[in-house]
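K.L.:
Handing you this structure, nothing more for now.
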Amino acid sequence: MRSVPHLTNPLSLMPRTYRHTFLMMVLSLPVALWLYCPQGASAQGFNWQYSSRFPTEYPTLFVGVFGGYSPYALNSAKLQYQEPLASGGTCNCAEFTNAVGREWRVGIMAEKWLETGNIALYGALTVQSQSESFLADGDSTKGVVNPSVNTKGTFTTRYQFSHTLLQAGLEGGVKYKFYPLPLFVALGISGAYTVQTNLGLIEEATDVDYNYRVTLNSNFVRLNPLSVAATARLGADVALAKGLYATPALFTTWQFRGMDSNPWTRLALGVHVALLFGL
C-alpha cells in the first residue's frame, strides 16, 4: 500500500519569536493598505465605493448651498453726529465708536479639488443681512423740572444709532485639508454691495421718569455701497452619502466698510454649514 507523504507546516520550522513577528506583519499588511489606499484614492479623502468591478473617477467639482449665523460682530468706527445750533454753528453732540451686532448669510457655494487631493479652490454667491446698534452719551443739563415728581434735577440724554444692511456679494479663496484628518482651513476674500439700508437715530432720556424720546435725522452717515472683507473658516468635511458631504465650520470675517472720511471696520464670529453635491 502506497504511503501518503506527510506535509510539514513551514511556520513550524521558524523559531517561536520569528513566527510571531511574521504573523504580525502578515496581519498588519491589509490594515495598512486599507488605511492608505482607499482614503488616498479620492480628492476629499472619503472612501466612497463607486464600483467594485470597474474603475470610476471620483468627482472633483462639488456645488451646493450654505448658511451662516454670527451672534457677535464687533464694530469699530468713528462716526460724528452734529446738530445745528440756534445761535449759529454746529454742535458735536455725539461720537459713535463701538457696537456689537449680528448677521446671517445664505448662498450658493462650489469647491474644485486639485490633483494634490487636499487643496481646493472655492467660490460663493452670498446674500447677507447685518445689523448693529451704537450708543453714545448726550448732554447733561441741571435744573430741569422732572414732570413725574415736579422737582428739578439733572436731565441727561443718550443717542442710539442703529442700522440694518442687506448685501449681495461674491467670495473666493483656497481650502486646505489636513489629510488624513477631516479638518480643514479656508482663507478667502469677499466683496459685497449694499442693496438695502435701514438707518435710525434717536435721542432719549436716560432717566425713565423723563418722557423724552426724539427721532433725529440719520443721514449724517454716508456709507459707500461697496465693502471688502477677509474671511476664514475652520471646520471638518463630513461624508453623508456617496458624492455628498457637509462642511460644518466656525467662521470669521474682517470687513472694511467704505466711508466718506471716517474709518469703520467690523469683526464677525459665527458658525457656517454647507451641503455639497459631486458633479
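K.L.:
When segment 84-127 is examined, which residues are found to be outside any strand (DSSP E or B), closer than 30 Å to Phe62 by Cβ and aliphatic (A, V, I, L, M)?
P.N.:
Hit for segment 84-127 is Leu114, nothing else.
K.L.:
Now for a different question. Determine if segment 72-90 includes at least one residue that is polar (S, T, N, Q), modelled with pLDDT under 85, touching a Pro at 6+ places or on another chain (Cβ under 8 Å) and surrounded by fewer than 17 Cβ atoms within 10 Å (Cβ to Cβ).
P.N.:
Scanning segment 72-90, I find at least one residue that is polar (S, T, N, Q), modelled with pLDDT under 85, touching a Pro at 6+ places or on another chain (Cβ under 8 Å) and surrounded by fewer than 17 Cβ atoms within 10 Å (Cβ to Cβ), so the answer is yes.
K.L.:
How many residues does segment 169-190 contain that are loosely packed, with under 14 Cβ neighbours inside 10 Å, part of a strand (DSSP E or B) and among the aromatic types (Phe, Trp, Tyr)?
P.N.:
Matching residues across segment 169-190 total 0.
K.L.:
Just to be sure I understand, how many residues within segment 224-248 are hydrophobic (A, V, I, L, M, F, W, C) and either more than 30 Å from Ile108 (Cβ to Cβ) or without any contact (Cβ under 8 Å) to a residue 40 or more places away in the chain (or both)?
P.N.:
Total meeting the criteria: 6.
K.L.:
So, of the residues in segment 93-132 that are more than 15 Å from the chain's Cα centre (by Cα) and small (Gly, Ala, Ser), which turns out to be farthest from Tyr81 (Cα to Cα)?
P.N.:
Here is the first cut: in segment 93-132, the residues more than 15 Å from the chain's Cα centre (by Cα) are 93-100, 110-121, 131-132.
Still in the list and also small (Gly, Ala, Ser): 94, 99, 110, 117, 120, 131.
Numbers: Ala94: 5, Ala99: 15, Ala110: 43, Gly117: 54, Ala120: 46, Ser131: 19 Å.
Selected residue: Gly117.
K.L.:
If I filter segment 161-182 down to residues being under 14 Å from Ala120 (Cα atoms) and of a type in the set (A, V, I, L, M, F, W, C), which single residue comes out as farthest from the chain's Cα centre (by Cα)?
P.N.:
If we take residues in segment 161-182 being under 14 Å from Ala120 (Cα atoms) and of a type in the set (A, V, I, L, M, F, W, C), then Phe178 is farthest from the chain's Cα centre (by Cα).
K.L.:
Next question, about the same structure. Against the definition (among the aromatic types (Phe, Trp, Tyr) and touching a residue at least 60 places away in the same chain (Cβ under 8 Å)), how does Phe251 come out, yes or no?
P.N.:
yes
K.L.:
Could you tell me which of the residues Arg233, Arg222 is under 30 Å from Gln80 (Cα atoms) and of a type outside the set (Val, Ile, Thr)? Don't jump to the end; show me each part of the working.
P.N.:
Working: Arg233 fails: under 30 Å from Gln80 (Cα atoms).
One residue alone meets the criteria, Arg222.
The values are calculated or read from the model by the stated rules, or taken from the named source; none is laboratory data. What you see is a predicted model; the values in this text were computed from it and never measured. Cβ sites come from the backbone with ideal geometry, for glycine too, and all protein chains shown count toward neighbours.
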